[in-house]
1. How many of the residues making up region 56-83 are within 17 Å of Asn13 (Cα to Cα), in a loop (DSSP other than H, G, I, E, B) and charged (D, E, K, R)?
2. From Lys33, Lys115, Lys53, grab the single residue that is outside any loop (DSSP other than H, G, I, E, B), open to solvent by 50 Å² or more (accessible area, probe 1.4 Å) and of a type in the set (Lys, Arg).
3. Which residue pairs have Cβ atoms closer than 9 Å, lie 6 or more positions apart in sequence or on different chains, and pair a first residue in region 64-89 that is more than 26 Å from Pro47 (Cα to Cα) and touching a residue at least 40 places away in the same chain (Cβ under 8 Å) with a second residue that is part of a strand (DSSP E or B) and open to solvent by 80 Å² or more (accessible area, probe 1.4 Å)?
4. Quick one: would you say Lys48 is at pLDDT 85 or above, farther than 30 Å from Pro21 by Cβ and among the basic types (Lys, Arg)?
5. State yes or no: is Gly91 surrounded by fewer than 16 Cβ atoms within 10 Å (Cβ to Cβ) and among the small types (Gly, Ala, Ser)?
6. If the requirement is being crowded, with 16+ Cβ neighbours inside 10 Å and modelled with pLDDT under 90, which of these qualifies: Leu123, Leu79?
7. Determine the pairs where a residue that is closer than 19 Å to Thr32 by Cα and of a type outside the set (Ser, Thr, Tyr), located within region 7-19, has a partner that is part of a strand (DSSP E or B) and open to solvent by 60 Å² or more (accessible area, probe 1.4 Å) with Cβ atoms under 9 Å apart, the partner being 6 or more residues away or on another chain.
Amino acid sequence: KRPTPDPTRNHYNFTGWYADPDCIEPFDFENTKITDVFTVIYAGWIPKSYDIKYELNGGYLPDGLDNPDDFTIEDYFTLNNPVKTGDTFDGWTGSNGTTAEKSLTIDGEEILKNKPDNDSFKLEYTAN
């Protein structure tokens, strides 16, 4: 019999029960006869995606560069910096605080570790 309710895990979506540790083969609760006292089934998970909102204040990313529109708890990346004719980029501000940072690395696990499991959570970054 399939376990209920489905398990939960902060910042992940449950994808089902599997017969293998790589979570490829779904576990067949209807047709699998469990004969061992100890049977292992595996919970499958995919990370939830959260939006990133950028305010470039008239700036733009140079050709060939882009920044992600979203992130997950498993992501780790450094933002590309925008340019603006006649201005010097001071840095990024936003959920990292009010001090501009010229090099800003997004660490999904660090950002989300004390945040509620909320689908509407967004990062906002402003180019100064």
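1. Result for region 56-83: 2.
2. Only one candidate qualifies: Lys53.
3. Within 9 Å, the pairs are Pro82/Tyr60; Lys84/Tyr60.
4. When the stated conditions are applied, Lys48 does not pass them.
5. No, not satisfied.
6. Just a single option satisfies the conditions, and that option is Leu123.
7. Correct list of pairs: Gly16/Pro26; Trp17/Pro26; Trp17/Tyr42; Ala19/Pro26; Ala19/Tyr42.
The values are calculated or read from the model by the stated rules, or taken from the named source; none is laboratory data. Keep in mind that this is a model prediction, so the values were computed, not measured. Using ideal geometry, Cβ is built from the backbone for each residue, glycine included, and neighbour counts are taken over all protein chains shown. Remember, those area values only see protein heavy atoms, side chains included, never the ligands or the DNA or RNA. Shrake-Rupley method; radii C 1.70, N 1.55, O 1.52, S 1.80 Å.
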